[in-house]
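The values are calculated or read from the model by the stated rules, or taken from the named source; none is laboratory data. The structure presented is a predicted model; accordingly, all values stated were derived computationally and were not measured. Every residue, glycine as well, gets a Cβ built from its backbone with ideal geometry; the counts of neighbours run over all protein chains shown.
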Amino acid sequence: MLWDFDGTLAWRPGLWGGCVLEVLDELAPGHTAELEKVRAVLKGGFPWDRHTEPHPHLSSPDAWWETVTPLLSRAIRGCVEEARVPELAHAVRLRFIDASKQWRVFDDTRSALGTTASTGWRNVVLSNHVPELSTLVAQLGLGDLVERVFSSATTGYEKPHPEAFRVALRACGNPARRWMVGDNPIADVAGAEALGIPAILVRTNGRARQTAKDVAAAAKLIVRTFAGDTGGTRDPAQATLLSKEET
Ligand SMILES: [Mg+2]
């Protein structure tokens, strides 16, 4: 059971731009940064914005952050004293991976993960994210319900790159039954479906073959789809049809 993380199981209000502003407000009062301008600089600059380019060579946290820190520095530059840019960019790194700073788990996340876990599914997080994602998952109190965490920063492949999914599935023994649940119609849903993995789009009005209002609804749909299935493989296309009828 592959779950996207950000926007699916948990979220950080304000995302990266918000994190930059929080750091500046706290450590550099009097800065001249504005959220919209910071966001405009960051837009399109993260590794997941270049999902066709694998980056397994950046799999250590420091290597990954070394490629992202210049982007964070650009967003800060001009808004504070130049000499403080490196220190503040580093503070953004530390704050973003601190679960106690703004990160929130959706209300239905634990019940959704519990529903699938209690019916024999293995919960796996598959996310385009930072190298410290597994720590974040644990600090947010989801460690008991999540068996494995695969972050693109560590695997080197960003969804919807097919290898992002294959790495996770291979590590889990290539199970015959698998689903992807996420809030991004391209990275999560189209990426999974391209490999024949049935997928459910959640928490958005975007278009997809299968949608659910939240992860609790998605978990129920998956469990119902396989109810009575004692382990034989079922054609994912058949499961898709069945779950559509049941919706
Ligand atoms: Mg997401």
Identify the single condition in (1) at positive phi; (2) surrounded by fewer than 17 Cβ atoms within 10 Å (Cβ to Cβ); (3) within 19 Å of the chain's Cα centre (by Cα) that Ser60 does not satisfy, given that it satisfies every other one.
(1)
Read through the list (1) closer than 20 Å to Ala117 by Cα; (2) more than 15 Å from the ligand (Cβ to nearest atom), then give the number of the only condition that Arg166 fails.
(1)
Is it the case that the stretch 81-99 has a residue that's more than 29 Å from Gly45 (Cα to Cα) and surrounded by fewer than 21 Cβ atoms within 10 Å (Cβ to Cβ)?
no
Flag if Ser60 is away from the ligand (no atom under 16 Å from the Cβ) and either basic (Lys, Arg) or in contact (Cβ under 8 Å) with a residue 24 or more places away in the chain (or both)
yes
For Gly120, which of the numbered conditions (1) of a type outside the set (D, E, K, R); (2) more than 23 Å from Leu21 (Cα to Cα); (3) surrounded by 15 or more Cβ atoms within 10 Å (Cβ to Cβ) fails to hold?
(3)
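Would you mind listing the strands (runs of 3 or more DSSP E) fully within the stretch 130-207 where at least 2 residues are without any contact (Cβ under 8 Å) to a residue 24 or more places away in the chain? Before the answer, list the steps.
Values: elements: 148-151, 180-182, 199-202.
Hits in the stretch 130-207: 199-202.
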Ser134 - would you say it is of a type in the set (Gly, Ala, Ser), in contact with a Ser or Thr (Cβ under 8 Å, 6 or more places away or on another chain) and not assigned by TED's automatic domain parsing to the domain that holds Val68?
yes
When the stretch 123-142 is examined, which residues are found to be surrounded by fewer than 21 Cβ atoms within 10 Å (Cβ to Cβ) and hydroxyl-bearing (Ser, Thr, Tyr)?
Ser134, Thr135
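What's the total number of residues in the stretch 2-40 that are in a loop (DSSP other than H, G, I, E, B) and either surrounded by fewer than 16 Cβ atoms within 10 Å (Cβ to Cβ) or on the phi > 0 side of the Ramachandran plot (or both)?
Of all residues in the stretch 2-40, those in a loop (DSSP other than H, G, I, E, B) come to 4-5, 7-9, 12-14, 28-34.
Of the ones still in play, those that are also either surrounded by fewer than 16 Cβ atoms within 10 Å (Cβ to Cβ) or on the phi > 0 side of the Ramachandran plot (or both) are 7, 13-14, 29-30, 32, 34.
Final tally of qualifying residues: 7.
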Considering only the stretch 106-123, state which residues are more than 15 Å from the ligand (Cβ to nearest atom), within 24 Å of Ser152 (Cβ to Cβ) and not in a helix (DSSP H, G or I).
Trp121, Arg122, Asn123
Given the conditions (1) closer than 24 Å to Pro185 by Cβ; (2) touching a Gly at 6+ places or on another chain (Cβ under 7 Å); (3) aliphatic (A, V, I, L, M), report the number of the one that Leu145 does not fulfil.
(1)
